[in-house]
1. In the stretch 35-126, which GluC sites (Glu not before Pro) fall in coil by DSSP and have 16 or fewer other Cβ atoms within 10 Å?
2. Given the options Ala30, Ala122, Ala98, which has the most mean-square fluctuation in a GNM of the chain, springs set between C-alpha atoms less than 10 angstrom apart?
3. The stretch 48-156: which chymotrypsin sites (Phe, Trp or Tyr not before Pro) are DSSP loop and have at most 14 other beta-carbon atoms within 10 angstrom?
4. Tell me the per residue accessible area of the stretch 6-83 using a 1.4 Å probe; a whole number in Å² is fine.
5. Using a probe of 1.4 angstrom, how much of the accessible area of the chain is carbon and sulfur, in percent?
6. Working out 0.36 nm times the residue gap between Ala95 and Ala23, then minus their Cα-Cα distance, what length gain in nm do you get to one decimal?
7. Return one quarter of the surface area of the convex hull spanned by the alpha-carbon atoms of the stretch 1-73, equal to its mean projected area, in nm².
8. Counting only the heavy atoms of the protein chains, how much of Val58 is accessible to a 1.4 Å probe, in Å² to the nearest 10?
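The values are calculated or read from the model by the stated rules, or taken from the named source; none is laboratory data. In this text the structure is predicted, and so the values were computed from the model without any measurement. Note that we place each Cβ from the backbone using ideal geometry, even for glycine, and neighbour counts take in every protein chain shown. To get the accessible areas, we keep the full protein, side chains included, count just its heavy atoms, and leave off ligands, DNA and RNA. Shrake-Rupley method; radii C 1.70, N 1.55, O 1.52, S 1.80 Å.
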Amino acid sequence: MIDQHAAAGQLEQNGARLRALVAEMHELQARWKPDPDSWSALEVLGHLLDEEREDFRVRLDLTLHHPGQPWPAIDPGGWVTARYYNTRDLGETVAAFAQEREASVSWLRALEQPDWQATYEAPWGPMRAGDLLAAWVTHDLLHMRQLVELLYAFARAQQAPYAADYAGEW
């Protein structure tokens, strides 16, 4: 069974880890992309901010407290360019994410006896409240991996023409 307080703690820790991954990043590195189809670190953080504001907490609240009410439409992939994530200020984006994450953790900890089996009928199939919470925590981990991959790719690009192969296989 899912433990909302453990999940809230993990979301809080994940938020700190995400912020730490970009804490010493300068603007050039934050906007850098290994290729045109990849996201920059700033785009990842912009995505996480909007997901925090408009996706997970909102949809979980609707599923738990307003059954049958439609979820608001989201377009996470489209927002990256439509909302100009890569032109934003990194510090402001990180601060806004931290503020939203803090609100999410407080909201989650304050829930009283949530029904994790409450279900929303999404176009792709039923989504239980517990599924949303599990996905929320895991979503952070996916983007931590993405940020680490960006850090690695940026370091490799900056080190050229030298090779870091001696460090080990990536």
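1. Glu112
2. Fluctuation is largest for Ala122.
3. Tyr84, Trp124
4. I get 47 Å² per residue for the stretch 6-83.
5. 53
6. Going from the current span to full extension adds 24.8 nm.
7. With every direction weighted equally, the projected area is 6.9 nm².
8. Here the accessible area works out near 50 Å².
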